[in-house]
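Inspection log for the structure reproduced underneath, given as structure tokens.
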Amino acid sequence: MRRGAITRHSVLNTLAEYDELGRETFLAKYGYSKTRTYVLVHEGREYDAKAIAGVAHKWDYERALKPSEFSGGKAHAVTWLERLGFQVQGGAPDFSELEFTQFLVQLLVKTGHRNVSQDVLLGLGARADIIAESRDAVLIIEVKRVSPQTNLRIEDAVKQMKHYGDLARATHYGDHRQRLVVAAPGILANKGTEPLTKSGIEIWDGSWIAQKSVTAGLGDEASKFLAPEYFEAAPQSEALDLINKLLQMPAGRATWSAYQRLCRDIAEYLFCPPLKAPVWESLDDAEMNRRDFILPNYAGTGFWKFTRDKYFADYVVADAKNYTRGIEKQEIIQVANYLSKHGPGLFALIMTRIEPQESAVHAIKSQWVQHDKMILALTDADMVQMLTDRSFGNDPSEVIRQKIEDFRLGV
């Protein structure tokens, strides 16, 4: 049977059936579970994306696809829908950190660990989420519902785990070899893994947990916390291709235009949908303040709706700086001059190769405190993290959300 050639008409028929039957009856009829990852947004309503794509087949081929027939998980179902012009968004995870911790306890027991304990007091104000024993070591495990993806949060995780290790060594586990572990259902690129692994901290990320869960016969349970991509053989090749292009492109004036185009392609891959395709090189009325591209923002849910509500970001302004140095104050001022409440909004991204210089950091703070303008710098490392997130079915805007939180809590 041919797969993937669903039509927009068949999807609309399926949405009508979904509305008529209701979610519970529709999913039960065709053998689908409620989504924990991706939702199709149509006329203000949300639908289970994978189920819609599968059932749409019956209008063209007389039979709906079963959930097991999606060999590529989201990479097939959602891609089909996006190609037909439908908006698909990552659904908000509907599990708590406690639920995820309890699943990891189950996984540890299933894989032969002993004396698995949860919420263990190590010292004043310090509790390990999980402590377990393997054949030759004690595991001290910190569970994160969301992976730490900014420098500040990664540094905090390293300090926390070292502190837990010291407390454990001074109290109940002085005679044991230690394994310090950070466990999260997300994915970390090199920017995140290197500081942790150099400090002797293991990372149990979505890929690791998926592999161990399937081996232990807990794949179905793990799928409640992990996107389908974690159970596939490899991440999406488009993300890997963009990562390779970014890392291989030299900084400097000679590759300025190529870097701008690459940043536009990366932004479109990461954020469209829910954002609309980039509008290239926009000028303001005075034809003086020129930014590389903007992304129209009509998102009705999620993080990008938050930026519209909070920062008037009906348009996300993006500027690419292919400098061999970190951006400085003048680059921040240039972007800030383009932002206005009644124009594109008060939110901008500067895509740059390395971390900003101190003068830029101060200028970013000044623009926020004095003019309510939120300007964020995204380095190569940030973009690699977002592309990695996207390739594994996670929300790439999580990096931006964490950067905003870190910035505002540090002002």
Checklist outcome for this item: P(r) of the chain over all Cα-Cα pairs, 10 Å bins starting at 0, rounded to whole percent, reads 4, 20, 27, 24, 17, 6, 1, 0
Checklist outcome for this item: Subtracting the Cα-Cα distance of residue 106 and residue 162 from 0.36 nm times their residue separation yields 17.6 nm
Next on the checklist: Using Cβ counts within 10 Å as a stand-in for footprinting exposure, how do 316, 214 rank, fewest first?
Outcome noted: 214, 316
Next on the checklist: Pairs of alpha-carbon atoms within less than 8 angstrom and 6+ residues apart define the contacts here; what relative contact order does the chain have, in percent?
Outcome noted: 12 percent
Checklist outcome for this item: Two pseudo-spin positions, 7 Å from Cα along C-beta at residue 261 and at residue 79, lie apart in nanometres by 2.3 nm
Next on the checklist: Rounded to the nearest 20 debye, what is the charge dipole size of the chain about its Cα centre when +1 sits on each Lys and Arg Cβ and -1 on each Asp and Glu Cβ?
Outcome noted: 320 debye
Checklist outcome for this item: Given 343-349, 77-83, the highest-first ranking by average Cβ count within 10 Å works out to 343-349, 77-83
Checklist entry - Which value results when the Cα radius of gyration for the range 351-411 is divided by 2.2 N^0.38 Å? => result 1.21
Checklist outcome for this item: Links exceeding 26 Å between C-alpha atoms in this model, out of 191/403; 191/321; 224/245, come to 224/245
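On average over all directions, what projected area in square nanometres does the range 8-90 have, based on the convex hull of its Cα atoms?
Details: hull surface 19.4 nm².
Computing the convex hull of the Cα atoms and averaging its projections yields 4.9 nm².
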Next on the checklist: Students often check this: by mean Cβ neighbours within 10 Å, which of 389-399, 97-107 ranks highest, and how do the rest follow?
Outcome noted: 389-399, 97-107
Next on the checklist: Taking 25 Å as R0, compute the FRET efficiency from the Cβ-Cβ separation of residue 323 and residue 240 and round it to 0.05.
Outcome noted: 0.45
Checklist entry - Which of 179, 23, 153 moves the most in a Gaussian network model of the chain with Cα springs under 10 Å? => result 23
Checklist entry - Hey, any idea what Rg/Rh is for the range 81-207, computing Rh the Kirkwood way over Cα pairs? => result 1.04
Next on the checklist: Output wanted: per-residue J couplings in Hz (rounded whole) for the range 373-380, from phi through Karplus 6.51 cos²θ - 1.76 cosθ + 1.60, θ = phi - 60°, x for Gly and Pro.
Outcome noted: 9, 9, 10, 10, 9, 10, 7, 3
Next on the checklist: What distance in nm separates the two pseudo spin-label positions at residue 171 and residue 272, each 7 Å out from Cα along the beta-carbon direction?
Outcome noted: 5.3 nm
Item to check | Separation in nanometres of the label points that stand 7 Å from Cα toward Cβ, at residue 127 and residue 45 | outcome: 4.3 nm
Next on the checklist: Taking the Cα centre as origin and putting +1 on Lys and Arg beta-carbons and -1 on Asp and Glu beta-carbons, what dipole magnitude results for the range 97-231, to the nearest 20 debye?
Outcome noted: 220 debye
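None of the figures in this text is laboratory data; all of them are computed from the coordinates on show. Please read all numbers here as calculations on a predicted model, not as lab measurements. Cβ: placed from backbone, ideal geometry, glycine included. Neighbour counts: every protein chain shown.
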